[in-house]
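Notes to accompany the following structure.
The values are calculated or read from the model by the stated rules, or taken from the named source; none is laboratory data. These figures come from a predicted structure and were not determined experimentally. Note: ideal-geometry Cβ built from the backbone for every residue, glycine included; neighbour counts use all protein chains shown. Side chains included, ligands, DNA and RNA excluded: accessible areas come from the protein's heavy atoms. Shrake-Rupley method; radii C 1.70, N 1.55, O 1.52, S 1.80 Å.
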Amino acid sequence: MSKRDFIPITRPTFGPEEEKAVREVLRSGWVTQGPKVAAFEKEFARLTGARYASAVSSCTTALHLALKAAGVGPKDEVITVSHSFVATAASIRYLGAVPVFADIEPSSFNIDPRRIEPLITPRTRAILCVHQIGMPCDMPAILRIARRHKLFVIEDAACAIGSEIRAGRHWEKIGKPHGDAACFSFHPRKVMTTGDGGMITTRHASWDRKFRLWRQHGMSVTDLARHGGRRPVVESYVELGFNYRMTDLQAAVGRVQLRRLGGMVRRRRVLARRYTQKLQGITGLAAPAEPPGVRSNFQSYCVRLPEGVSQKRVMTCLLKEGIAVKTGILCAHREPVFTREPFRAGTLTQSERAQDTAILLPLYDSLQTAEQDRVIRALAAALERR
Ligand SMILES: *Cc1c(COP(=O)(O)O)cnc(C)c1O
């Protein structure tokens with residue numbers, strides 16, 4: 001099998017437009033957080049319908065700042081899922097707070113709203129819900145619980161750029177945000193990429209001001225000094241901050257990727273539908289299902305293997321055919337780090353089952369239908385040999 005025939009799990013789409021955008025930034029001489037970041041933020045806010053958007057270095061740093069803005073601190077508890085990339089739970093630990101893991105719904109792989117309320121204590125400060133694999137969570141149910149208990153809602157939307165929720169007769173993008181803030185990732189494993197990078201959208205002007213302060217070392221330049229014309233500007237450091245900046249090189253790529261987003265998501269949806277149609281014939285295999293009122297961007301295509309089939313064997317079979325597959329999402333509470341870090345949890349039966357029975361198939365907008373057919377044939381063959 002030649003290298004060209006190998007089908008990866010994902011592949012970013014870049015063209016001459018990204019190259020030109022980067023070259024322009026290099027030639028301008030201004031390479032870190034500057035005019036391109038500001039323009040990217042404005043365009044991102046327009047796309048998601050958010051009032052405020054601030055760019056940061058990753059979704060992990062976005063989550064850290066969003067939870068900090070919610071006032072999360074030592075001894076506080078944040079309800080989230082274990083069934084997520086480890087950064088979700090880690091961001092809670094950055095603030096000394098304790099992650100409280102709720103189980104997931106088996107069909108959507110997202111937090112089961114019915115599991116939230118029994119986990120609430122006087123120490124609960126926020127719900128950190130994850131739109132896993134790009135599938136929006138049940139936001140109306142989550143927001144009802146949050147309102148009832150006066151909790152903040154932070155959305156881990158790392159995978160969910162371009163995903164949508166129905167609001168009456170029209171659709172709203174994830175990141176409007178429906179909670180207090182939503183955090184996005186531009187890692188190459190996601191639908192659009194800037195190499196690395198992140199974005200926080202929020203409905204609160206005061207949070208947005210904090211994000212801008214914290215991402216840049218807590219450096220404050222007063223409005224008077226900024227707008228004061230010819231007088232020299234001396235900055236001051238008013239809070240303990242971080243270096244969580246996005247560079248203008250990344251933002252320039254992000255602006256082009258944002259223009260590609262609609263097309264990339266459309267193509268992913270077509271390919272996902274095609275997978276679902278063609279995999280229907282395989283008994284026991286469960287395709288991802290969009291609950292009513294949501295539309296996924298299909299950041300990944302996650303199937304559940306029939307009962308009793310070894311994930312490892314199927315993955316080995318596909319790899320032999322030159323096809324990359326991955327296990328489903330790992331559970332944080334099963335990783336060695338959480339033998340040392342504190343957490344609390346309800347029963348996590350569905351989370352563990354999802355980790356043990358799901359696999360991710362290759363899906364990206366440049367995947368050809370002939371390549372997709374190869375994946376389907378290889379998967380069917382692997383499952384026949386039971
Ligand atoms: C990828 C991912 C993150 C981390 O994003 P980075 O930009 O790599 O920091 C966080 N949460 C979820 C659910 C993710 O999939």
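Among the numbered criteria (1) at pLDDT 95 or above; (2) open to solvent by less than 20 Å² (accessible area, probe 1.4 Å), which single criterion is violated by G34?
Failing condition for G34: (1).
Quick one: in segment 108-142, which of the residues that are more than 24 Å from A272 (Cβ to Cβ) and among the polar types (S, T, N, Q) is surrounded by the fewest Cβ atoms within 10 Å (Cβ to Cβ)?
T121
Listed here are the residues, each with its yes/no results for (1) crowded, with 21+ Cβ neighbours inside 10 Å; (2) hydroxyl-bearing (S, T, Y); (3) within 22 Å of the chain's Cα centre (by Cα).
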position	(1), (2), (3)
P232	no, no, no
V238	no, no, no
T247	yes, yes, yes
R259	no, no, yes
R269	no, no, yes
T276	no, yes, no
L285	no, no, no
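What tally of residues in segment 185-212 results from selecting those that are near the ligand (Cβ under 8 Å from one of its atoms) and in a strand (DSSP E or B)?
Filtering segment 185-212 down to residues near the ligand (Cβ under 8 Å from one of its atoms) leaves 185-187, 189-190, 196-198.
Subset that is in a strand (DSSP E or B): 185, 198.
Here the count works out to 2.
Here is a list of conditions, (1) closer than 30 Å to P99 by Cβ; (2) in contact with a helix residue (DSSP H, G or I) (Cβ under 9 Å, 6 or more places away or on another chain); (3) of a type outside the set (V, I, T), and Q372 meets all of them except one; can you say which number that is?
Looking at each condition in turn, Q372 falls short on (1).
Tell me, yes or no, whether segment 307-322 has at least one residue that is over 24 Å from the mean Cα position of the chain (by Cα) and on the phi > 0 side of the Ramachandran plot.
yes
Take E239 and decide whether it is under 22 Å from H131 (Cβ atoms) and in a loop (DSSP other than H, G, I, E, B).
Against the criterion (under 22 Å from H131 (Cβ atoms) and in a loop (DSSP other than H, G, I, E, B)), E239 does not qualify.
Which of the residues that make up segment 130-156 are within 12 Å of the chain's Cα centre (by Cα), of a type in the set (A, V, I, L, M) and in a helix (DSSP H, G or I)?
Once the filter is applied, which keeps residues that are within 12 Å of the chain's Cα centre (by Cα), of a type in the set (A, V, I, L, M) and in a helix (DSSP H, G or I), segment 130-156 yields only I133.
Kindly list, by first and then second residue, each pair from a residue in segment 149-168 that is acidic (D, E) to a residue that is surrounded by fewer than 20 Cβ atoms within 10 Å (Cβ to Cβ), limited to pairs with Cβ atoms under 8 Å and residues at least 6 apart or on different chains.
E164/W171; E164/E172; E164/R295
Looking only at segment 103-138, count every residue that is closer than 24 Å to A69 by Cβ and in contact with a Gly (Cβ under 6 Å, 6 or more places away or on another chain) and tell me the total.
Of the residues in that region, 1 qualify.
For segment 124-161, how many residues are away from the ligand (no atom under 16 Å from the Cβ) and touching a Ser or Thr at 6+ places or on another chain (Cβ under 9 Å)?
Summing the residues that are away from the ligand (no atom under 16 Å from the Cβ) and touching a Ser or Thr at 6+ places or on another chain (Cβ under 9 Å) in segment 124-161 gives 3.
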